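Novice: Dropping the structure in here first, questions after.
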Amino acid sequence: MDDGRMSLMQHLEELRKRVVRAFVAWFIAFMICYNYAEQMYLLISKPLRDALPAGTKLVFLTATEPFFAYMKIGAFAGLLVTLPYIFWQLWGFIAPGLYAHEKRYVIPFVVLSSGCFLAGTAFGFIVAFPLMFGFLVQAGTAGGEVLPMLSMGSYLSLAGQMLLAFGITFELPIVILFLARIGLIGYPLLARNRKYALLICFILGAIFSPPDVVSQTVLAVPMFILYEVGIWLAFFFGKKKPVTADEEKALAS
């Protein structure tokens with residue numbers, strides 16, 4: 001266009017190029033990680049294997065289940081490896097719509113976004129998984145009268161879903177900070193809606209976790225804590241606007 005702005009078709013073409021680049025990078029990482037899928041399976045299944053009764057092992061129910069299970073591991077590991085590059089492509093797509101002084105946040109955005117996602121998956125694996133699977137296995141075995149026979153495919157599907165949920169959850173402060181920096185939201189609005197945020201956190205926890213109170217809580221509580229972190233990030237680093245006494249009181253409460 002004559003005024004230097006991109007048309008809708010140019011935006012779509014730019015998005016297509018960014019998505020293709022991210023996909024190619026992920027696919028290369030996936031092919032590499034797939035070669036180590038068996039070793040990674042032993043690592044990722046450890047929380048469940050530790051929770052199972054002595055001598056109990058995971059099983060596979062169909063001849064193709066191990067193959068697809070290892071495919072899932074390779075795909076998720078490839079995502080973690082290429083995450084910084086994916087966030088770089090995301091920033092490259094949204095950067096043309098930002099002011100020059102806002103574009104300098106590209107490196108902090110990529111580093112913090114990648115770090116938060118990895119921190120979320122680490123929290124899920126190290127802290128949440130032992131609590132979740134310990135509770136679920138103990139509740140399901142009925143004092144030793146029921147023998148657990150869990151398949152590797154179903155476990156990896158659930159584990160991948162939960163790790164992805166924790167990774168996305170830990171992005172919440174970065175999303176809030178970004179929106180606050182460009183002036184779309186402010187900390188008074190976030191502070192006033194704490195009670196609704198808490199309700200939404202538990203609703204999302206119930207949607208993306210197994211249907212038990214322990215799994216729901218270990219996802220919802222960190223989500224709400226990160227929401228609080230986002231409020232303070234918006235307070236210190238967001239665009240400054242005149243604050244009323246009621247808004248200061250909402251933040252302090």
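Novice: Could you identify the single residue in P148, P84 that is in contact with a helix residue (DSSP H, G or I) (Cβ under 7 Å, 6 or more places away or on another chain), outside any helix (DSSP H, G or I) and touching a residue at least 12 places away in the same chain (Cβ under 8 Å)?
Specialist: Of the residues listed, the single one that is in contact with a helix residue (DSSP H, G or I) (Cβ under 7 Å, 6 or more places away or on another chain), outside any helix (DSSP H, G or I) and touching a residue at least 12 places away in the same chain (Cβ under 8 Å) is P148.
Novice: For region 1-49, give me each residue that is of a type in the set (D, E) and at pLDDT below 90.
Specialist: D2, D3, E13, E14 - these are the residues of region 1-49 that are of a type in the set (D, E) and at pLDDT below 90.
Novice: I'm trying to understand the selection: among the residues of region 136-187, which are surrounded by fewer than 16 Cβ atoms within 10 Å (Cβ to Cβ), more than 24 Å from the chain's Cα centre (by Cα) and under 19 Å from T217 (Cβ atoms)?
Specialist: Hits for region 136-187 are Q138, A139, G140.
Novice: Further question: Within the group L156, L131, L190, which residue is at pLDDT below 90, hydrophobic (A, V, I, L, M, F, W, C) and outside any loop (DSSP other than H, G, I, E, B)?
Specialist: L190
Novice: Could you list, in sequence order, the residues of region 76-111 that are of a type outside the set (F, W, Y), buried (at least 17 other Cβ atoms within 10 Å of the Cβ) and modelled with pLDDT under 90?
Specialist: Answer for region 76-111, where residues must be of a type outside the set (F, W, Y), buried (at least 17 other Cβ atoms within 10 Å of the Cβ) and modelled with pLDDT under 90: just V110.
Novice: Can you find, within region 42-67, the residue that is surrounded by the most Cβ atoms within 10 Å (Cβ to Cβ) among those that are over 10 Å from Y155 (Cβ atoms) and under 26 Å from the mean Cα position of the chain (by Cα)?
Specialist: Among those that are over 10 Å from Y155 (Cβ atoms) and under 26 Å from the mean Cα position of the chain (by Cα), it is A51.
Novice: Of everything in region 40-61 that's assigned to a loop (DSSP other than H, G, I, E, B) and touching a residue at least 60 places away in the same chain (Cβ under 8 Å), which residue is nearest to L150 (Cα to Cα)?
Specialist: My answer is L58.
Novice: Condition first: of a type in the set (A, V, I, L, M) and either assigned to a helix (DSSP H, G or I) or within 17 Å of R18 (Cα to Cα) (or both). Now tell me which residues in region 87-113 satisfy that.
Specialist: Hits for region 87-113 are L90, I94, A95, V106, I107, V110, V111, L112.
Novice: Among residues belonging to region 166-187 that are touching a Ser or Thr at 6+ places or on another chain (Cβ under 7 Å) and of a type in the set (A, V, I, L, M, F, W, C), point out the one that is nearest to W91 (Cα to Cα).
Specialist: Only one residue tops the list, namely I174.
Novice: Right, A245: surrounded by 18 or more Cβ atoms within 10 Å (Cβ to Cβ), on the phi < 0 side of the Ramachandran plot and either modelled with pLDDT under 90 or in the same structural domain as I126 (by TED's automatic domain parsing) (or both) or not?
Specialist: So A245 does not fit the description; no.
The values are calculated or read from the model by the stated rules, or taken from the named source; none is laboratory data. Owing to the predicted nature of the structure, the values given are computational and were not obtained by experimental measurement. Ideal geometry is used to build each Cβ from the backbone, glycine not excepted, and the neighbour counts take in all protein chains shown.
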